[in-house]
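A quick write-up on the structure given underneath.
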Amino acid sequence: YALDMAAEQARNLTPETAPDMVITLTIDKHLQEQTHIALNALLDEHGEDKRASQASMLVMDHEGAIKAVVGGRDYDESQFNRAVNALRQPGSSFKPFVYMTAFMNGYTSDSVVSDRPVWIGNWSPKNYSRSYRGAVTLKTALTKSINTIPVILSLDFGRQKIIDTAYRMGLTHELENSVSLPIGSSEVSVIDMASAYSV
């Protein structure tokens, strides 16, 4: 998977008549092997329960260098790189983009927002606990992964600002400006999420 990624990037960055080149990868061979072993162990243990026959994993350092990438259970079975090309709903892992947008619009981690029922038309987000905590700080809301708070924040400064922040941080696929965007309903790739998190 890593070599396929590198070859595609090299083709995209160089003209067809480019001379021979030496391309150095940032992949850590030991980490690459361990990542593949770990991914298959997770699939062996939880794949059937989760109805998942495939998975992907990408490890990136704080400077954005890809240290390991596994695009599926077995490259011989499927060369499709799920870490780069598959799109999935990120769910709660999208919420930091909402909070970053809040910080860019006057909020702080100590700002207090009420965790309460909220309706947008006939749609209402539910918390995992199916209960509400009342007044909470943004730090608590993110730590406890409360669903209502990101939606309430989006009503204040707008979903388009969240989309703009996510793009600025590294997401590249089109994000749907829907009411459920703040809780991760719009599809993204694993590599984009890793890259954006490094920002």
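Annotations
- Most fluctuating residue given options VAL113, VAL70, VAL188, as computed from a GNM of the chain linking Cα atoms under 10 Å: VAL113
- Accessible-area order (highest first, 1.4 angstrom probe) of the listed residues LYS50, LYS144, LYS67: LYS50, LYS144, LYS67
- Positive-end ranking of THR140, SER92, TYR75 along the dipole of the chain, with charges on Cβ about the Cα centre, is headed by THR140.
- Considered as an equivalent ellipsoid built on the Cα gyration tensor, region 15-72 has semi-axes of 31, 14, 10 Å, the largest given first.
- Separation between Cα centres of region 1-70 and region 131-199, rounded to whole Å: 26
- Of the residues ASP164, ASP115, ASP156, ranked by 1.4 Å probe accessible area with the largest first, the sequence reads ASP156, ASP164, ASP115.
- Its Cα gyration tensor gives region 28-119 an equivalent ellipsoid; the semi-axes, largest first and in whole Å, are 34, 19, 12.
- Taking GluC sites (Glu not before Pro) as exposed when DSSP calls them loop and at most 16 other C-beta atoms lie within 10 angstrom, the chain has its longest site-free stretch at 78-173.
- When MET100, MET57, MET169 are compared by accessible area of protein heavy atoms, the largest-first order is MET100, MET57, MET169, using a 1.4 Å probe.
- Note on the chain: Rg/Rh from Cα positions, Kirkwood definition for Rh, rounded to two decimals, is 1.04.
- Net charge, ASP115 excluded, C-beta distance under 10 Å - Lys, Arg +1, Asp, Glu -1: +3
- Accessible surface calculations at 1.4 Å, restricted to protein heavy atoms, place region 46-199 at 54 Å² per residue.
- Accessible area (Å², 1.4 Å probe, nearest 10) - LEU3: 130
The values are calculated or read from the model by the stated rules, or taken from the named source; none is laboratory data. Everything quoted here is computed from the prediction, not taken from an experiment. So basically every Cβ, Gly included, is an ideal-geometry build from the backbone, and we count neighbours across all protein chains shown. We work out accessible area using only protein heavy atoms, side chains counted, and drop any ligands, DNA or RNA first. Shrake-Rupley method; radii C 1.70, N 1.55, O 1.52, S 1.80 Å.
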